[in-house]
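Student: Before I ask anything, let me first share the structure, which is written out below as structure tokens.
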Amino acid sequence: MSRNRRLKLQVFRVVVFLVFGAFFLIPIGAMFEFSTRGNGDAPRTLVAWQTIFQTPDLVAAILASLALAVITSLGMLLLLVPTMIWVRLRLPSLSRIVEFLCLLPLTIPGIVLVAGLAPEYRWLSINVSESILTLAFVYLVLVLPYTYRTLHTGLAAIDVKTLSEAARSLGAGWATVMGRIIVPNMWSALLNASLLSVAVVLGEFTIANLLNYVNLQVSIFLVGKANGAVSIAVAVASLMFAFLLLVILSFFGRPRARVARLEEA
Amino acid sequence: MTVATKPLVETARRPLRGGRRFSLDWLGAVPFLAYVGLFLLLPTAIVVGGAFVGPKGLTLSNLTAMNKSYIIGAFVHSVVLSAASAIIGAVLGAVLAYAVATGNPKGVLRRLVTSACGVLAQFGGVTLAFAFLATIGLAGFITLWLQQRGINIYANSFWLAELSGLVLVYTYFQIPLMVLVFLPALDGIRPQWREATESLGGGTWHYWRYVAGPLLAPAFLGGTLLLFANAFSAYATAAALISQGSIIASLLIANTLTSEVGLAQPGLASALALVMVVIVAVVMVLYTQLQRRTSKWLQ
């Protein structure tokens, strides 16, 4: 590369990062600014941030969303990991179908899904439970596309077949094979998948709102109608939390194949 | 050693007739299939079926009821909004992705940008609407700052809550999504190709026009389609930004589904949802085809 072109490229990169950085950071900075405004000409204040914890509805919604995130992550791991391992070992003919089903939620918008879920949740709330935690059932479906890719990459990186045959020939049952042989070999993929699920669940609004459950995002929306500063404080806090999760995630060695996977999808 | 060809003891053989040996392996996939069936396939079937069911049994009236100007208008608005935000997002996202791809592949900057894109592409919704309200809303700090200097950006109308405002707000999650899908394609471009172009006497223009451009075109088009589908199915941001009326399809579906005055029309809502899912599905199939082509070239 000639020196002239390298210089041009560097200038281009600096300009691009500055312009995009401004576009993406100014709205987030504006949220901080807005949430610390005093009334009228009053000086900057953290009242809005303190009010978060004095608003019982908001605290309840935050706790509900965190509980949903945990339940969804665990449920997803319990459902998806054994299925994917089993399909890989014993039912390779089913792998295309499982992949298709896992990626399908990308094609069915939440607003469409909710139209079909309404009767199901009416039944659930009458016969099983009215708790907001029942939302975890559908959230598990929503996170499938993201977690499938991560888990698929994690499984592809280890020789599942050899490991399981070795364990089986030494007398291990299937539960031992999965729990003590394969899972410990792909823990970073499991962690990645869980963190992605948490991020998706904490950001979900459409389904909760239309099924009349108050999760974190719905609560931010409702509080925002009465007290903009407080809801913006919560919104920016949850945004930072999700960002933190994904930064943590980026440090857990993403296998190289991940890039190729993204293309496939 | 001909003995080995014929075993001394006849072991149990596969029955000659009756097909394959019965296997219980498939039982392992039942929990997953049942779960996805209950919470993904059944709701979808309810929507599709609901579009053809009226109060008096099977009917096409839900579909014909869509021939109203406000419904067609909402879908047209959705298409315009999705196309505009997809094209703007794809172009700007490709520029940003290029700036990222030309840097250190293991650097902190790249890690930060991809993490930020991961959050911003996902975390739209209410937060995003509020971020823009805090920036250029009626009491947003840029609005106030400009007002002090005698500029009123809302002299004509509060366009942030109109279609043009939605295009601006949507680019905020479209650009990061484009970065995420386009970056792998850019990573597939090898510096040797540029060197080869130069050794054959080609300049920057030739390189982009005849080498990198055609190679990246399917990935770029695919990304644009994904962005289109993404914007078309988005609901939360618009719902938080626009309190009155249903100017786009997703808002219309929501309002038809849960009308506050008790005029909910589940049949019509299903029909609208069916149209939306068909449009998104067609776009996603095209996207998958283009992605397949991309991964064939760039590996």
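The values are calculated or read from the model by the stated rules, or taken from the named source; none is laboratory data. The structure presented is a predicted model; accordingly, all values stated were derived computationally and were not measured. Cβ: placed from backbone, ideal geometry, glycine included. Neighbour counts: every protein chain shown.
Student: Say whether the condition of being more than 23 Å from residue A:221 (Cβ to Cβ) and not β-branched (Val, Ile, Thr) is met by at least one residue in segment A:43-59. Break it down into steps so the answer makes sense when it comes.
Tutor: Kept after step one, since they are more than 23 Å from residue A:221 (Cβ to Cβ), are these residues of segment A:43-59: A:43-45.
Now drop any that are not not β-branched (Val, Ile, Thr), which leaves A:43-44.
There is at least one residue in segment A:43-59 that is more than 23 Å from residue A:221 (Cβ to Cβ) and not β-branched (Val, Ile, Thr).
Student: Right, something else. Which of the following residues is at pLDDT 85 or above, touching a helix residue (DSSP H, G or I) at 6+ places or on another chain (Cβ under 9 Å) and either of a type in the set (A, V, I, L, M) or under 30 Å from residue B:250 (Cβ atoms) (or both): A:259, A:234, A:247? Break it down stepwise before answering.
Tutor: Values: A:259 fails: at pLDDT 85 or above; A:247 fails: at pLDDT 85 or above.
On inspection, the qualifying residue turns out to be A:234.
Student: When you check residue B:209 against the structure, is it more than 16 Å from the chain's Cα centre (by Cα), assigned to a helix (DSSP H, G or I), within 9 Å of chain A (Cβ to nearest Cβ) and basic (Lys, Arg), yes or no? Lay out the reasoning, then the answer.
Tutor: On the way: more than 16 Å from the chain's Cα centre (by Cα): yes; assigned to a helix (DSSP H, G or I): yes; within 9 Å of chain A (Cβ to nearest Cβ): no; basic (Lys, Arg): yes.
No: the conditions fail for residue B:209.
Student: Does at least one position in segment A:186-193 carry a residue that is within 11 Å of chain B (Cβ to nearest Cβ), surrounded by fewer than 20 Cβ atoms within 10 Å (Cβ to Cβ) and either closer than 30 Å to residue A:167 by Cβ or modelled with pLDDT under 85 (or both)?
Tutor: No, every residue in segment A:186-193 fails to be within 11 Å of chain B (Cβ to nearest Cβ), surrounded by fewer than 20 Cβ atoms within 10 Å (Cβ to Cβ) and either closer than 30 Å to residue A:167 by Cβ or modelled with pLDDT under 85 (or both).
Student: Has segment A:55-73 got at least one residue that is at pLDDT below 90 and within 9 Å of chain B (Cβ to nearest Cβ)?
Tutor: No, segment A:55-73 has no match at all.
Student: Tell me, which residue of segment A:11-50 that is polar (S, T, N, Q) and more than 9 Å from chain B (Cβ to nearest Cβ) is surrounded by the fewest Cβ atoms within 10 Å (Cβ to Cβ)? Please lay out each step first, then the result.
Tutor: Start the filter on segment A:11-50 by keeping residues that are polar (S, T, N, Q), which leaves A:35-36, A:39, A:45, A:50.
Subset that is more than 9 Å from chain B (Cβ to nearest Cβ): A:36, A:39, A:45, A:50.
Values: A:36: 17, A:39: 8, A:45: 14, A:50: 11.
Top of the filtered list is A:39.
Student: I would also like to ask the following. Can you find even one residue in segment B:193-213 that is closer than 30 Å to residue B:81 by Cβ and either at pLDDT below 85 or loosely packed, with under 14 Cβ neighbours inside 10 Å (or both)?
Tutor: Yes.
Student: Hey, another quick one. In the set A:224, A:253, which member is modelled with pLDDT under 85 and not in a helix (DSSP H, G or I)? Before you say what the answer is, go through the steps one by one.
Tutor: Values: A:224 fails: not in a helix (DSSP H, G or I).
A:253 is the lone residue from the list that is modelled with pLDDT under 85 and not in a helix (DSSP H, G or I).
Student: Given the condition among the polar types (S, T, N, Q), surrounded by fewer than 16 Cβ atoms within 10 Å (Cβ to Cβ) and at negative phi, answer yes or no: does some residue in segment B:77-96 qualify? First the steps, then the outcome.
Tutor: Just the residues of segment B:77-96 that are among the polar types (S, T, N, Q), to begin with: B:78, B:82, B:85.
From what is left, the residues that are surrounded by fewer than 16 Cβ atoms within 10 Å (Cβ to Cβ) are none.
Checking segment B:77-96: not a single residue is among the polar types (S, T, N, Q), surrounded by fewer than 16 Cβ atoms within 10 Å (Cβ to Cβ) and at negative phi.
Student: If I go through segment A:37-75 residue by residue, how many of them are touching a residue at least 60 places away in the same chain (Cβ under 8 Å) and not aliphatic (A, V, I, L, M)?
Tutor: Residues in segment A:37-75 being touching a residue at least 60 places away in the same chain (Cβ under 8 Å) and not aliphatic (A, V, I, L, M): 9 in total.
Student: Still on this structure, please answer the following. Within segment B:105-131, can you find the residues that are closer than 22 Å to residue A:219 by Cβ and either in contact with a Ser or Thr (Cβ under 9 Å, 6 or more places away or on another chain) or surrounded by fewer than 19 Cβ atoms within 10 Å (Cβ to Cβ) (or both)? Spell out the reasoning first.
Tutor: Kept after step one, since they are closer than 22 Å to residue A:219 by Cβ, are these residues of segment B:105-131: B:119-120, B:122-131.
Answer for segment B:105-131, where residues must be closer than 22 Å to residue A:219 by Cβ and either in contact with a Ser or Thr (Cβ under 9 Å, 6 or more places away or on another chain) or surrounded by fewer than 19 Cβ atoms within 10 Å (Cβ to Cβ) (or both): B:123, B:124, B:125, B:126, B:127, B:128, B:129, B:130.
Student: Within segment B:270-287, does at least one residue satisfy the condition of being more than 14 Å from the chain's Cα centre (by Cα), surrounded by fewer than 19 Cβ atoms within 10 Å (Cβ to Cβ) and without any contact (Cβ under 8 Å) to a residue 12 or more places away in the chain?
Tutor: No, because not a single residue in segment B:270-287 is more than 14 Å from the chain's Cα centre (by Cα), surrounded by fewer than 19 Cβ atoms within 10 Å (Cβ to Cβ) and without any contact (Cβ under 8 Å) to a residue 12 or more places away in the chain.
Student: Also: When you scan segment A:196-207, how many residues do you find that are at the interface with another protein chain (Cβ under 10 Å from one of its Cβ atoms) and at pLDDT 85 or above? Talk me through it step by step, then tell me what you get.
Tutor: Taking segment A:196-207 as the starting set, the residues that turn out to be at the interface with another protein chain (Cβ under 10 Å from one of its Cβ atoms) are A:196, A:199-200, A:202-207.
If we keep only those that are at pLDDT 85 or above as well, we get A:200, A:202-207.
Total satisfying the criteria: 7.
Student: Next question. Contact list please: Cβ distance under 9 Å, first residue in segment B:77-94 and closer than 11 Å to residue B:223 by Cβ and assigned to a helix (DSSP H, G or I), second residue of a type in the set (D, E, K, R) and at pLDDT 95 or above, pairs at least six apart or on different chains.
Tutor: Here the result reads none, with nothing in segment B:77-94 linked to a residue that is of a type in the set (D, E, K, R) and at pLDDT 95 or above.
The rows are residues; the columns are (1) more than 9 Å from chain A (Cβ to nearest Cβ); (2) farther than 20 Å from residue B:160 by Cβ; (3) modelled with pLDDT of 85 or more.
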{"site": "B:220", "(1), (2), (3)": "yes, yes, yes"}
{"site": "B:223", "(1), (2), (3)": "yes, yes, yes"}
{"site": "B:231", "(1), (2), (3)": "yes, no, yes"}
{"site": "B:236", "(1), (2), (3)": "no, no, yes"}
{"site": "B:244", "(1), (2), (3)": "yes, no, no"}
{"site": "B:248", "(1), (2), (3)": "yes, no, yes"}
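Student: When both residues are 6+ apart or on different chains and their Cβ atoms are under 8 Å apart, which pairs have a first residue that lies in segment B:17-31 and is within 20 Å of residue A:81 (Cβ to Cβ), and a second that is at pLDDT 70 or above and assigned to a loop (DSSP other than H, G, I, E, B)?
Tutor: Listed pairs, sorted by first residue: B:25/A:91; B:26/A:91; B:28/A:91; B:29/A:91.
Student: For the list (1) in a helix (DSSP H, G or I); (2) surrounded by fewer than 22 Cβ atoms within 10 Å (Cβ to Cβ); (3) of a type outside the set (Gly, Ala, Ser), I need the number of the one condition that residue B:175 fails.
Tutor: (2)
Listed here are the residues, each with its yes/no results for (1) surrounded by fewer than 18 Cβ atoms within 10 Å (Cβ to Cβ); (2) more than 13 Å from chain A (Cβ to nearest Cβ); (3) closer than 18 Å to residue A:31 by Cβ.
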| position | (1), (2), (3) |
| --- | --- |
| B:139 | yes, no, yes |
| B:155 | yes, yes, no |
| B:160 | no, no, yes |
| B:180 | no, no, no |
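Student: While we're on this one: List pairs: first residue in segment A:4-33 and more than 30 Å from residue A:224 (Cβ to Cβ), second residue aromatic (Phe, Trp, Tyr) and at pLDDT below 90 anywhere in the structure, Cβ distance under 8 angstrom, at least six positions apart or on different chains.
Tutor: Within 8 Å, no pair qualifies.
Student: Something else about it: Would you say residue B:227 is farther than 17 Å from residue B:92 by Cα, aliphatic (A, V, I, L, M) and crowded, with 16+ Cβ neighbours inside 10 Å? Give the derivation first.
Tutor: Values: farther than 17 Å from residue B:92 by Cα: no; aliphatic (A, V, I, L, M): yes; crowded, with 16+ Cβ neighbours inside 10 Å: yes.
For residue B:227, the condition - farther than 17 Å from residue B:92 by Cα, aliphatic (A, V, I, L, M) and crowded, with 16+ Cβ neighbours inside 10 Å - is not met.
Student: While we're here: Which condition number does residue A:133 fail, the rest of (1) within 14 Å of chain B (Cβ to nearest Cβ); (2) within 30 Å of residue B:46 (Cβ to Cβ); (3) of a type in the set (A, V, I, L, M) being met?
Tutor: Of the numbered conditions (1) within 14 Å of chain B (Cβ to nearest Cβ); (2) within 30 Å of residue B:46 (Cβ to Cβ); (3) of a type in the set (A, V, I, L, M), the odd one out for residue A:133 is (1).
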